[in-house]
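Please read the structure below before turning to the comments.
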Amino acid sequence: MTVFATEKTVALVQGITGKEGAFRTKRMLEYGTKIVAGVTPGKGGQEVYGVPVYDSVEEAVKAHPEINTAVQFVPARLAKDASFEVIEAGIKNLLIIAEGIPFQDTMEIVTMGKEKGVTIVGPNTSGVISPPICELGACCQSAFHGPGKIGVISTTGSVQWYVSRLISLGGWGVSTMMQIGGDPIRGTDFPEALLMYEKDPQTEAMVIIGEIGGDSEIRAADLIERGEVKKPVIAYIYARTAPPGKRLGHAGAIIERGGGVEAKVKALQKAGAIVITYPWEILGAIKELGIKTIPELFKTPIKESKIEE
Amino acid sequence: MPYLLEYEAKQIFRKEGLTTPEGEVAETPEQAKSFAERIGKPVVIKIQIPAGRRGRAGGVKFAENPDEAGKAARELIGKEFLGHKVNKVLVEEKLDIKKEFYIGVVNDRAAKSPAVLISSEGGMEIEEITQKFPEKFAKINVDIFKGLQVFQARNAARKVGIPTELINSVANMVYNLYWRIYRKYDATFTEINPLCLTSDGKLIAADARLSIDDDAMFRHKEIIPETEKYLNEREKHAKEKGYVYVELDPNAEIACISNGAGLGMSVMDYVNEAGGRLACFMDVGGRFYELAGDALKMVLTLPNLKAVLFHVYAGLTRANVIAKGVCEAIKEVKPKIPIFIQVSGTGEKGAIEIMKKESEEFKKMGLTVEWCSHTVTGEESPSSHKGGVDVIETPVKRVLELCGIKYKRNPPKWLPEHPEWEKTTREIMRKTLPLRPEPEYKELAKYE
């Protein structure tokens, strides 16, 4: 088992006929992700890499009732409508890629999702990957090897691809990497994500990569402290020299009324998490947990779609 | 994050029916004086900068008459407060204050919903209020679909001890702040602090803070915040193109263009801790991977720049597309300062091929361009560096060296480095990479 992206995932791609949607659909298909339908209003009846395109999510679900996950490649301004459409159609997992969704729109999306029991990951994310069975979104596939034991939860792509790659090459492998995104309002935030991994039998430890802004990492530390998360947690929190009041790339990455790295690091340390200072310390920290590597992983090739465009 | 200046926020508040003091915004001491004359009462002169705590910084002065108002304005205009130059002051009637309250609407990240904050104390920052007077503070978590109802505001107002005769008027003010300001204008944050009860029984928004969601500005084209008028050419250009550009110190020596934000912020940490300075923080990630070349041209206009670092670990973006864009821009612009390019992630193989080929070209052109990638050993070309475990740190180290600054790790005391963990990481790589079926890792193993 894994988290969110699993062997049971049957996906629909919203915005499949767009440049990015089509390219990523091809890469996901080549990775082995099961994609049975795409949706672009006004383009129903076409095919994208053999995947039938429908005008609405409702139609797609009617034709393919096995769909349980939607991957959304839709511009930020249309994301609210597209998300509501998915939720209304009864799909229970939604990945929102778009960056730049007005956050009051995101509040509406996540509130509606919660009411209808939908797990939402994103917005402003590259996606979720459970190597080698399922990739959702736009991940750096070559950084992952598995099935592995370490769960990775991150606000960012960049540093996380590096950390995940070291974990993969080091022989522990990644169970699921979930990029929760850099927006202030997230469908799945660190606490919820940690609880998902806590229940996953395949995951033996979690690595969280966090940043300035908000208090999600501190709430995660509270969960660890209360014993609701028992598996070991290793954390890397960047932007420790960030000037207050500047928004640094992510909409949520700003020190205002708290949200600095020091408080997050101290809360995590106090709760018993291991905090690394540099991403390249990661394997030493994992080794200290006494988790065994998986010998087969050293020999099996790392899976990656061939197309680079 | 368009943060509106107080006078801009108050214009919107007035338009939406929230009472503010009588006042006008002045750009010169003479104007301030004549406004004070027109108001005909003692006035308060407040600097208009995008920051809170202006009073404590000395940016708020009282004047009994127009002459004093002119004098106060002269002492404020053109000066710098909290890192911002004062271009304008707000001249307002001085209120006869009987009592100060606080009301605000913020974005509650944990609850993923708006939160309305009310206190029967005001005039100090909300953090201070909640600490000093927890019993006089209430928070309402609002369902985004139902929205705030007046009764919720009334109940909260009662709970925090606002006198009975004021409950309706305060609750209405809170209701309007939520619906007519926070919701209508896509605010990330709005606050009236203090909300003043005057001796003649009026409720007036003595201060007004309003910050609008950048990503929702397309719904509010009528608002052009003054702070945006003061953007420099680079900031304007970046805004036009739509990419993230944060100028940290225009006189600093290093520009970092990263993908994505997490890597950029990590680079910022390592540079700062080594005693270097980043001129800007730029994320070309996500939507903007094709604009890397344009980004390079823009940062080269920074006056004291000594090196540019492209640090890319791509997922959604593509390393090969960025590498191509950056190389084309370098050949076109022929920068006189050194450039370091790190490209890994999605499209890595293509990116390495491009860098191998182009580094020959750069050499012929006499340009200093160094590069690396996760699976590069450093033997690919004379200008390549080993990647692997070092792929994040080496570019930072080299760029500092190219600026004449010796790189050293210097993390904060509360976060000491763990050399033993790093050592283990390297040992593991040396041991596991030779076992891998992929030739690039086998090769890299010899260098780890």
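In this structure, A:V53 qualifies as touching a strand residue (DSSP E or B) at 6+ places or on another chain (Cβ under 6 Å) and either in a strand (DSSP E or B) or farther than 14 Å from A:C134 by Cβ (or both).
The one condition from (1) surrounded by fewer than 20 Cβ atoms within 10 Å (Cβ to Cβ); (2) farther than 21 Å from A:I302 by Cα; (3) more than 9 Å from chain A (Cβ to nearest Cβ) that B:R430 does not meet is (2). Figure legend. Inter-residue proximity from the stretch A:265-283: first residues at negative phi, second residues part of a helix (DSSP H, G or I) and hydroxyl-bearing (S, T, Y), beta-carbon distance below 7 Å, spacing 6+ or different chains. Indicated pairs: A:P279/A:Y162; A:W280/B:T425; A:E281/B:T425; A:I282/B:T425; A:L283/B:T424; A:L283/B:T425. Restricting attention to the stretch B:373-395, and to residues there that are of a type in the set (S, T, N, Q) and within 14 Å of another protein chain (Cβ to nearest Cβ), which single residue is nearest to the chain's Cα centre (by Cα)? Looking at residues that are of a type in the set (S, T, N, Q) and within 14 Å of another protein chain (Cβ to nearest Cβ), I get B:T394. Among the residues of the stretch A:9-32, the ones that are under 17 Å from A:A79 (Cβ atoms), among the aliphatic types (A, V, I, L, M) and part of a loop (DSSP other than H, G, I, E, B) come to 1 in all. If you go through the stretch A:252-267 and pick out every residue that is buried (at least 21 other Cβ atoms within 10 Å of the Cβ), within 7 Å of another protein chain (Cβ to nearest Cβ) and not in a helix (DSSP H, G or I), you end up with 1.
Is it true that B:V160 is in contact (Cβ under 8 Å) with a residue 24 or more places away in the chain, surrounded by 17 or more Cβ atoms within 10 Å (Cβ to Cβ) and in contact with a helix residue (DSSP H, G or I) (Cβ under 7 Å, 6 or more places away or on another chain)? For B:V160, the condition - in contact (Cβ under 8 Å) with a residue 24 or more places away in the chain, surrounded by 17 or more Cβ atoms within 10 Å (Cβ to Cβ) and in contact with a helix residue (DSSP H, G or I) (Cβ under 7 Å, 6 or more places away or on another chain) - is met. Check whether at least one residue in the stretch B:253-261 is surrounded by fewer than 22 Cβ atoms within 10 Å (Cβ to Cβ), more than 30 Å from B:L177 (Cβ to Cβ) and of a type in the set (D, E, K, R), and report yes or no. No; the residues of the stretch B:253-261 include none that is surrounded by fewer than 22 Cβ atoms within 10 Å (Cβ to Cβ), more than 30 Å from B:L177 (Cβ to Cβ) and of a type in the set (D, E, K, R). Annotation: of all residues in the stretch A:190-226 being hydrophobic (A, V, I, L, M, F, W, C) and more than 15 Å from the chain's Cα centre (by Cα), the one that is farthest from the other protein chains (Cβ to nearest Cβ) is A:I224. Among the numbered conditions (1) at the interface with chain B (Cβ under 7 Å from one of its Cβ atoms); (2) under 30 Å from A:T33 (Cβ atoms); (3) polar (S, T, N, Q), tell me where A:T293 comes up short. Of everything listed in (1) at the interface with chain B (Cβ under 7 Å from one of its Cβ atoms); (2) under 30 Å from A:T33 (Cβ atoms); (3) polar (S, T, N, Q), A:T293 misses just condition (1). Among the criteria (1) more than 8 Å from chain A (Cβ to nearest Cβ); (2) part of a loop (DSSP other than H, G, I, E, B); (3) not charged (D, E, K, R), the one B:P412 does not fulfil is (1).
Here's the yes/no breakdown for (1) assigned by TED's automatic domain parsing to the domain that holds B:R180; (2) touching a residue at least 24 places away in the same chain (Cβ under 8 Å); (3) more than 18 Å from B:I192 (Cα to Cα):
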site	(1), (2), (3)
B:Y7	yes, yes, no
B:K33	no, yes, yes
B:V43	no, yes, yes
B:I47	no, yes, no
B:R54	no, yes, no
B:F62	no, yes, yes
B:P66	no, yes, yes
B:A72	no, yes, yes
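Looking at B:V106, B:V86, just one residue is farther than 21 Å from B:T19 by Cβ, without any contact (Cβ under 8 Å) to a residue 40 or more places away in the chain and among the β-branched types (V, I, T), and that residue is B:V86. Filtered by the rule that a residue be at the interface with another protein chain (Cβ under 10 Å from one of its Cβ atoms), within 17 Å of A:Q160 (Cα to Cα) and either in a helix (DSSP H, G or I) or within 19 Å of the chain's Cα centre (by Cα) (or both), the stretch A:235-251 gives A:Y236, A:I237, A:Y238, A:G249, A:H250. Somewhere in the stretch A:163-176, is a residue more than 8 Å from chain B (Cβ to nearest Cβ), touching a Leu at 6+ places or on another chain (Cβ under 6 Å), small (G, A, S) and not in a helix (DSSP H, G or I)? So far as the stretch A:163-176 goes, yes, one or more of its residues are more than 8 Å from chain B (Cβ to nearest Cβ), touching a Leu at 6+ places or on another chain (Cβ under 6 Å), small (G, A, S) and not in a helix (DSSP H, G or I).
Residue by residue through the stretch A:107-127, note down the ones that are within 8 Å of chain B (Cβ to nearest Cβ), over 13 Å from the mean Cα position of the chain (by Cα) and within 17 Å of A:R77 (Cβ to Cβ). Within the stretch A:107-127, A:M107, A:E108 qualify. Could you tell me whether A:I167 is within 17 Å of A:I234 (Cβ to Cβ), touching a strand residue (DSSP E or B) at 6+ places or on another chain (Cβ under 9 Å) and not assigned by TED's automatic domain parsing to the domain that holds A:V71? The answer is yes for A:I167. A residue that is over 21 Å from B:V106 (Cα atoms) and surrounded by fewer than 21 Cβ atoms within 10 Å (Cβ to Cβ) occurs nowhere in the stretch B:173-191. Taking the listed residues B:E360, B:E332, B:E370, the one that is modelled with pLDDT under 90 and either within 14 Å of chain A (Cβ to nearest Cβ) or over 25 Å from the mean Cα position of the chain (by Cα) (or both) is B:E332, with no other qualifying. Listed conditions (1) assigned to a loop (DSSP other than H, G, I, E, B); (2) more than 9 Å from chain B (Cβ to nearest Cβ) are all met by A:K270, apart from (1). For the stretch B:228-239: of the residues being at pLDDT below 85 and out of contact with any helix residue (DSSP H, G or I) (no Cβ under 9 Å at 6 or more places or on another chain), which is surrounded by the most Cβ atoms within 10 Å (Cβ to Cβ)? Ranking the qualifying residues of the stretch B:228-239, first place goes to B:Y230.
Inside the stretch B:358-392, residues that are part of a helix (DSSP H, G or I), farther than 15 Å from B:E348 by Cα and either not charged (D, E, K, R) or not assigned by TED's automatic domain parsing to the domain that holds B:S258 (or both) make up a count of 3. When the stretch B:288-329 is filtered for residues that are among the small types (G, A, S), buried (at least 22 other Cβ atoms within 10 Å of the Cβ) and closer than 19 Å to B:K363 by Cβ, the ones remaining, listed by number, are B:A307, B:A323.
When B:D283, B:D215 are checked against the criterion of being within 11 Å of chain A (Cβ to nearest Cβ) and modelled with pLDDT under 90, a single residue qualifies: B:D283. Does A:A138 satisfy being farther than 16 Å from A:G181 by Cα and aliphatic (A, V, I, L, M)? No: the conditions fail for A:A138. Checking the structure you have, find out if any residue of the stretch A:128-147 is β-branched (V, I, T), at the interface with chain B (Cβ under 8 Å from one of its Cβ atoms) and in contact (Cβ under 8 Å) with a residue 60 or more places away in the chain. Checking the stretch A:128-147: not a single residue is β-branched (V, I, T), at the interface with chain B (Cβ under 8 Å from one of its Cβ atoms) and in contact (Cβ under 8 Å) with a residue 60 or more places away in the chain. Counting only strands (runs of 3 or more DSSP E) wholly contained in the stretch A:67-139, the ones carrying 1 or more residues that are of a type in the set (S, T, N, Q) and at pLDDT 95 or above occupy A:69-72, A:93-96, A:119-121, A:127-130.
The values are calculated or read from the model by the stated rules, or taken from the named source; none is laboratory data. It should be emphasised that the depicted structure is a prediction, and the values quoted were computed from it without experimental measurement. Cβ coordinates were reconstructed from backbone atoms using ideal geometry, including for glycine residues, and neighbour counts include every protein chain displayed.
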